[in-house]
1. Within region 392-408, is there a residue that is touching a strand residue (DSSP E or B) at 6+ places or on another chain (Cβ under 6 Å), assigned to a strand (DSSP E or B) and not polar (S, T, N, Q)?
2. Scan region 263-274 for residues that are surrounded by fewer than 24 Cβ atoms within 10 Å (Cβ to Cβ) and aliphatic (A, V, I, L, M) and jot them down.
3. Ser191: buried (at least 24 other Cβ atoms within 10 Å of the Cβ) and within 23 Å of Arg46 (Cα to Cα), yes or no?
4. Hey, Leu559 hits all of (1) in contact (Cβ under 8 Å) with a residue 40 or more places away in the chain; (2) surrounded by fewer than 19 Cβ atoms within 10 Å (Cβ to Cβ); (3) not in a helix (DSSP H, G or I) but one; which does it fall short on?
5. Between Leu465, Leu454, Leu483, which is over 29 Å from Leu367 (Cβ atoms), of a type in the set (A, V, I, L, M, F, W, C), out of contact with any Phe, Trp or Tyr (no Cβ under 9 Å at 6 or more places or on another chain) and surrounded by 20 or more Cβ atoms within 10 Å (Cβ to Cβ)?
6. Only one residue in Ala427, Ala491 is of a type in the set (A, V, I, L, M, F, W, C) and either in contact with an Asp or Glu (Cβ under 7 Å, 6 or more places away or on another chain) or not in a helix (DSSP H, G or I) (or both). Which one?
Amino acid sequence: MCGIIGYVGSRDCAPLILEGLKRLEYRGYDSAGIAVFDGTRLKITRSVGKLANLEKALREKPLSGTVGIGHTRWATHGKPSEQNAHPHEVNGIAVIHNGIIENYVDLKAELSAAGSVFKSETDTEVIAHLVDQEAGRGKGLFEAVCAALRRVRGAYAIVVVSEREPGKLVAAKNASPMIVGIGDDERFIASDVPAILPYTRQVMYMYEEEVAEVTARTVRVTDLHGAEKTREVRVVDATPAMAEKGGHRHFMHKEIFEQPRALMDTIRGRLSADRKTPLDGEMPGLSVPGAVKIIACGTSWHAALIGKFMIEELARVPVEVDLASEFRYRDPIVGKGELVVAISQSGETADTLAALREARSKGAHALAICNVVDSSIAREADTVLYTRAGPEIGVASTKAFVTQMAVLFLFAVRLGLVSGRLDPARAQALVREFTHIPSLMEEVLRLEQKVQDLAREFMHASDFLYLGRGINYPVALEGALKLKEISYIHAEGYPAGEMKHGPIALIDEEMPVLVVATRGRSYEKVLSNVQEAKARGGRIIALVTWGDARTREIADRVLEIPDVHDLLQPFLTSVSLQLLAYHIADLKGNDVDQPRNLAKSVTVE
Ligand code: M6R
């Protein structure tokens with residue numbers, strides 16, 4: 001949510017800031033703005049809608065200067081409008097913000113009573129007024145920001161620039177991501193690495209309740225009370241090309257096709273030479289927990305549901321899967337001896353972070369499965385397993401999902417071996433089969449033309465039902481989520497066996513029913529469910545394993561994928577469902593990478 005970029009150096013920064021904002025577009029936004037110090041004054045341009053509008057405004061009235069800030073806003077308080085767009089400026093102090101200030105109503109009342117006049121409906125504007133008030137008491141910008149933030153409750157990543165101290169930016173972070181990029185006599189501030197990748201790979205990650213004073217040559221970090229902090233500079237393992245489309249029409253398409261490579265990266269170095277014991281190096285002292293709880297949101301939650309099948313089957317440890325947004329509000333029973341696994345691509349999802357904190361405060365050991373290195377969830381967990389998918393820019397998660405499943409699979413095998421409940425020979429056979437998944441995935445990707453034909457045939461449906469049983473049920477859920485978030489077609493994922501208890505009433509000749517019917521434990525039962533749907537006139541699209549003549553007889557359309565072990569099938573089925581959702585959305589002419597109303601990383605609860 002909300003993209004942030006700041007620059008201080010010697011370049012003319014408006015084009016650089018605009019470029020940076022484009023690289024953050026995937027985070028989701030509905031308005032944007034930029035402030036540049038022109039040598040005398042701060043000049044601000046803001047616009048509603050896509051960055052093209054801001055770009056046009058800047059072409060008509062260019063901004064010039066070497067210090068500036070830019071922001072893409074995902075509305076929380078106040079509708080998307082020019083007035084509510086950031087930066088918010090008060091007496092030559094401009095602020096951009098990602099997060100939510102929870103006590104803004106009280107602060108606004110207090111500030112209004114003291115004479116502040118508010119121009120927007122946002123919570124952010126209170127920060128600009130607070131900093132201005134503190135500056136009016138004689139404090140320098142840095143001290144004024146610290147003092148203002150001591151009065152604020154909530155989540156924030158902010159950057160502040162002032163006409164009175166023009167050679168610097170002040171950034172602060174609490175529960176929203178923020179990094180400082182180190183260049184040669186220039187510094188960058190951003191909410192995410194892709195924004196600054198063309199200029200530097202040297203990055204300093206800010207931690208909770210930290211404030212940074214950033215000039216072209218220096219970075220000073222303290223807590224809110226001014227106590228100095230030392231933060232190391234790291235070289236990020238990403239290149240500008242990773243944040244570019246590389247010839248694909250959309251990032252989502254590129255990321256779908258990157259999955260075989262991403263999976264190999266996930267696996268690399270994590271199997272012992274004899275391929276028997278995964279994760280030896282990263283989890284040397286793993287002890288077997290009494291129970292595992294997995295918390296996550298959205299697609300990561302679907303990976304968690306699949307992980308439950310893997311862990312329970314291979315390690316025989318009971319697994320509970322919770323939506324992070326529900327977990328902490330029901331006073332969960334969790335404590336010592338239990339393992340809580342938080343799964344998050346971004347590592348910044350507010351609900352997952354809050355649930356992780358809740359679990360740790362109750363004594364559980366926390367394992368994070370994250371994609372973004374050094375993200376908040378990764379930092380706060382006791383152990384981290386990175387998914388190594390590389391930057392995922394498309395809002396609809398694809399390669400992060402399959403790499404999450406891969407880590408869960410390796411973890412399940414390891415837990416099974418440590419507990420003694422998984423026969424080493426079986427583990428070795430499974431792991432060997434798993435290492436073939438990237439090349440089998442390539443075969444699924446070669447079905448693109450067929451999937452595109454299906455997409456053309458079904459793109460006008462207004463509703464879709466996705467059915468699956470066992471491990472294919474979360475696959476159906478994920479397929480339905482992909483379709484609804486980018487094509488805006490209503491889609492329902494359902495356990496096939498439950499259909500007769502209600503949703504079967506929805507089925508008629510207008511309703512495409514996509515059934516994940518791969519060979520395996522529940523194949524026969526699913527086939528009966530397909531018959532039931534067919535008998536009600538449903539148009540059946542079946543996702544089956546190679547050579548499945550029985551389903552072919554019943555289904556209207558069939559898509560055949562390679563046959564693998566039940567536990568590994570989701571790696572292949574989900575790729576074909578991603579392709580289907582992608583092509584339907586693309587044929588409809590939708591903005592695939594930035595679907596309406598969605599944000600890549602949901603940093604508000
Ligand atoms: O970064 P996270 O994995 O924690 O994000 C969780 C969800 O917001 C995310 O998976 C969302 O559902 C995606 N849009 C799905 O494609």
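1. Initial filter on region 392-408 (touching a strand residue (DSSP E or B) at 6+ places or on another chain (Cβ under 6 Å)): 404, 407.
Still in the running and assigned to a strand (DSSP E or B): none.
Checked region 392-408: no residue is touching a strand residue (DSSP E or B) at 6+ places or on another chain (Cβ under 6 Å), assigned to a strand (DSSP E or B) and not polar (S, T, N, Q).
2. Matches in region 263-274: Met264, Ile267, Leu271, Ala273.
3. Working: buried (at least 24 other Cβ atoms within 10 Å of the Cβ): yes; within 23 Å of Arg46 (Cα to Cα): yes.
The answer is yes for Ser191.
4. (2)
5. Details: Leu465 fails: out of contact with any Phe, Trp or Tyr (no Cβ under 9 Å at 6 or more places or on another chain); Leu483 fails: out of contact with any Phe, Trp or Tyr (no Cβ under 9 Å at 6 or more places or on another chain).
Of Leu465, Leu454, Leu483, the one residue that is over 29 Å from Leu367 (Cβ atoms), of a type in the set (A, V, I, L, M, F, W, C), out of contact with any Phe, Trp or Tyr (no Cβ under 9 Å at 6 or more places or on another chain) and surrounded by 20 or more Cβ atoms within 10 Å (Cβ to Cβ) is Leu454.
6. After applying the criteria, what remains is Ala491.
Rundown of residues vs (1) under 14 Å from Met405 (Cα atoms); (2) assigned by TED's automatic domain parsing to the domain that holds Leu567; (3) away from the ligand (no atom under 11 Å from the Cβ); (4) free of Cβ contacts under 8 Å to residues at least 40 places away in the same chain, yes/no style:
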| residue | (1), (2), (3), (4) |
| --- | --- |
| Pro318 | no, no, yes, yes |
| Leu339 | no, no, yes, no |
| Ser346 | no, no, no, no |
| Gly363 | no, no, yes, yes |
| Ser375 | no, no, no, no |
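Yes or no, residue by residue, for (1) within 21 Å of the chain's Cα centre (by Cα); (2) surrounded by 21 or more Cβ atoms within 10 Å (Cβ to Cβ); (3) closer than 30 Å to Arg249 by Cβ; (4) within 16 Å of the ligand (Cβ to nearest atom):
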| residue | (1), (2), (3), (4) |
| --- | --- |
| Ala505 | no, no, no, no |
| Ala555 | no, yes, yes, no |
| His565 | no, no, no, no |
| Leu577 | yes, yes, yes, yes |
| Asn590 | yes, no, yes, yes |
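The values are calculated or read from the model by the stated rules, or taken from the named source; none is laboratory data. Just so it is clear, the structure is predicted and the values come from calculations on it, not from any experiment. Ideal geometry is used to build each Cβ from the backbone, glycine not excepted, and the neighbour counts take in all protein chains shown.
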